[in-house]
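Every number in this text was worked out from the coordinates using simple rules, so none of it is lab data. None of the values given here were measured: they were computed from a predicted structure. Note that each Cβ is placed from the backbone with ideal geometry, even for glycine, and that neighbours are counted across all protein chains shown.
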Amino acid sequence: MPTVRPATEPAQAPATKGQKTFVLDTNVLIHDPGALFHFEHSRTVLPLTVIEELDSFKRLNDDRGYSVRQVMRWLNRLREKGKLSQGIALDHGGQLVIEHRKAEQLPIKLNGSHGTKDNEILATALFLHQQGEHVVLISKDMNLRIKAEVLGIEAADYEREKAPITELYRGHRELSVGQDVIDKFYKEHKLTDLKVADLYANEFVILKAGEGKSQSALARYKPNVGLVPLQFSQRKPWGIKPLNVHQRFALDLLLDPEVRLVCLVGVPGSGKTMLSLAAGLEQVFETGEFRRLLISRPVVPVGRDIGFLPGSKEEKLSSWIGAIRDNIEFLCDSSGPNSAEDTMAKATDILESEKIEIEAVSFLRGRSLPGLYFIIDDAQNLTPHEIKTIISRAGEGTKVVMTGDPYQIDNPYLDASSNGLSNLVDRFKGQPLFGTVRFDKIVRSHLAALASELL
């Protein structure tokens, strides 16, 4: 937490001329507890209603509860520096205030739902706006932002951890080169003199010999070597053969022991989860590269907490394990000719093996995970803070694989740019232990591809 000093004024100091007042919604603090300290040279205001909402989440055992408890600990430490109701000066030149005052009356249409938490937050922002302050309401809730703007209050999403989706690093590119360059690459098995200034570590390159020619080569960039051929893409883990160039790129990362964090991003049905599982099963059950295979998914569709479902934890998890089981059954069927009964029995043996574990993201906190092949499926439903928490669980010798589609988000407070998966790709690009592949083609079936195109 940044250092703080007591506010010098005995009463709450209003915003100075030109200074903005940022009113934070509860969902912003749950999304990123550090948002308390990210608005430099400005007044950061927490409506008292936000404190009440935080109190209702503090006992949860999921990431929401953890974020809330972190915020409350910071606020409690700030109380030692002065009164939060009067404002605590922060070291970045701003001030943090808890505000209990609200506008006396909201428009009639909003008063119809008087007492809702959103409207109380809006009433606080309106009060400060009426006092002449330059108020900006920060919320992950689109509807609340719309209502604020209707009342003449500036509103914005929390942008700090957004990665523009249209500019998101793809992990591969095409380069047009001369035929002599491709001939040299095949002869020497590397290219050290190709001048491309902005290549990232483990970025894949498709070398093409000009227009009208079919000659091409696939390469991967290593900073201290240059462009080198793909090393692992010809392998067939558990009988799975890559169907396109993107899948070849993915296998080269998934089977490379030097790459410890892999992100597979793209459309549903492109083979992200299938390839991840095949590579994981190969390196756990066949080569022994890792001790166990751990598979996890966020449980967003059932309220972000499996406690809403009846039964034991195992029974709750079984309700969304279907996608994983389907893929494992397919892999078992691909590994050799089997009857339907044999395939299902083999899949059951794998799922019940001590070498494979399936866990909800909510239960990963506090664990140390060394020597594992760790798959996080549907990672686009995680916040950047949750992604950070998960990766920090990885112990020595663990490989983390995250899959997801930024356009298929169930979390109501995330979008294609603000989700943890997009943020992770943007932050880690260029790191030698990281690699990513963006998938564009659906390989699940012709029907699935046609549905994606027409619907």
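Using packing as a proxy for protection, rank 227-240, 395-408 so that the peptide with the highest average count of other Cβ atoms within 10 Å comes first. Before the final figure, lay out the partial values.
On the way: 227-240: 17.2, 395-408: 20.1.
Output ranking for 227-240, 395-408: 395-408, 227-240.
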What spacing in nm lies between the two simple spin-label points modelled at K208 and S176, each 7 Å away from Cα in the Cβ direction?
0.9 nm
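With N set to the number of residues, divide the alpha-carbon radius of gyration of segment 140-250 by 2.2 N^0.38 Å and report two decimals.
On the way: Rg = 21.5 Å, N = 111, 2.2 N^0.38 = 13.2 Å.
Compactness ratio reported: 1.63.
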Protection proxy ranking of 29-37, 139-147, 342-350 - average other beta-carbon atoms within 10 Å, highest first:
29-37, 139-147, 342-350
Output for the chain (equivalent-ellipsoid semi-axes, sqrt of 5λ from the C-alpha gyration tensor, Å, descending) is 46, 27, 20
Cα gyration tensor of segment 352-411, axes a ≥ b ≥ c as square roots of the eigenvalues: rounded (a/c below 1.5), prolate (a/b > b/c) or oblate?
prolate
Check: C-alpha center segment 29-76 vs C-alpha center segment 142-207, spacing in Å is 33 Å
Two-site label geometry, E289 and R235: point separation in nm, points 7 Å out along Cα→Cβ:
0.4 nm
Okay, helix-only estimate at 222 nm for the chain: each DSSP H run of n ≥ 4 adds -39500 (n - 2.57), divide by all residues, round to 500 deg cm²/dmol; what do you get?
-9500 deg cm²/dmol
Where labels lie 7 Å past Cα in the beta-carbon direction, separation of D440 and R427 in nm:
2.8 nm
Inter-part gap, Cα centre of segment 116-138 to Cα centre of segment 225-252, in whole angstrom, is 54 Å
Which of the peptides 164-177, 42-55 is most tightly packed, and how do the rest follow, going by the mean number of other Cβ atoms within 10 Å of each residue?
42-55, 164-177
Assuming 0.890 mPa s and 25 °C, estimate D for segment 378-453 with Stokes-Einstein, Rh taken as the Kirkwood radius over Cα pairs, in µm²/s.
176 µm²/s
How big is the charge dipole of the chain about its Cα centre, in debye rounded to the nearest 20, if each Lys and Arg gets +1 on its Cβ and each Asp and Glu gets -1 on its Cβ?
920 debye
